[in-house]
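Have a look at the structure below before the remarks.
The values are calculated or read from the model by the stated rules, or taken from the named source; none is laboratory data. Not measured: the values here are computed from a predicted model. Ideal geometry is used to build each Cβ from the backbone, glycine not excepted, and the neighbour counts take in all protein chains shown. Accessible surface areas use protein heavy atoms only, side chains included; no ligands, DNA or RNA. Shrake-Rupley method; radii C 1.70, N 1.55, O 1.52, S 1.80 Å.
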Amino acid sequence: MPKIVDHQQRRDEIALVACRVVAEYGFDQATIVRIAREAGYTTGMVAHYFDTKQDIIVAALRLILRRIEERLTPDAAAERPDLLALLTEALPVDETRYMECAVWMSFWGQVPADRRLKRINAWLHREYLRLFERCLTRGWAEWRQWTPAVRERVLRSVITFINGVTASTVASRPEWPAARQIAQLRLQLELLRAWARSSSSRGALKRSRKATA
């Protein structure tokens, strides 16, 4: 009886190996030959699933995004999840997350010169906005009470901060141990929450004065 092959699983296996190869050797050195060798497949087998190295990298990014989404999805039973713990899942605080972040950094380095990768990056950015907004909505009880402009600035500030910590850690890992990453994220969230509350209070006061004028 012929062996039943789960083709999606095999694509994911190749994509995961590509993540490890890119994280260790960089984008340019992550050749199809090297990816195939690390995966234990022939180049012909890999070519059966992916036409180009770029296709493998895109599949790897989609796999990483799916894994991050799973980690950033709070327990449905938790009425108010711990936002700090939730967003820590997006930081390179262990080997798995470091590998994922190293792939992101390598990918971003290729984006400016490639139109297709620019489109992929725009889609990934929209997905990140969606994921992090969901986390903030669940984590902060007052989130929906803030104006859309305040929420937008807080959301983009959180993502910009996490991207910055990610880039710094990948560039100089010894300087950014997990404890330091988490401490800085805690401070950033506290500052942003205080700013949002203050901005919302000032906005409410202005609206009240206009209404009574």
Could we say that Ala36 is under 29 Å from Thr88 (Cα atoms), modelled with pLDDT of 90 or more and either open to solvent by less than 50 Å² (accessible area, probe 1.4 Å) or among the polar types (S, T, N, Q) (or both) here? no
Just to be sure, is Lys118 at pLDDT below 90 and closer than 20 Å to Glu100 by Cα? yes
Considering every residue within region 141-161, establish whether at least one is closer than 16 Å to Leu84 by Cα, surrounded by fewer than 17 Cβ atoms within 10 Å (Cβ to Cβ), modelled with pLDDT under 95 and among the small types (Gly, Ala, Ser). yes
Does Gln9 fit the bill of being of a type outside the set (Lys, Arg) and part of a helix (DSSP H, G or I)? yes
Whether any residue in region 146-158 is under 24 Å from Phe27 (Cα atoms), among the aliphatic types (A, V, I, L, M) and assigned to a helix (DSSP H, G or I) is what I want to check. no
Quick one: which of Val58, Val21, Val46 is surrounded by 17 or more Cβ atoms within 10 Å (Cβ to Cβ) and more than 30 Å from Phe132 (Cβ to Cβ)? Val46
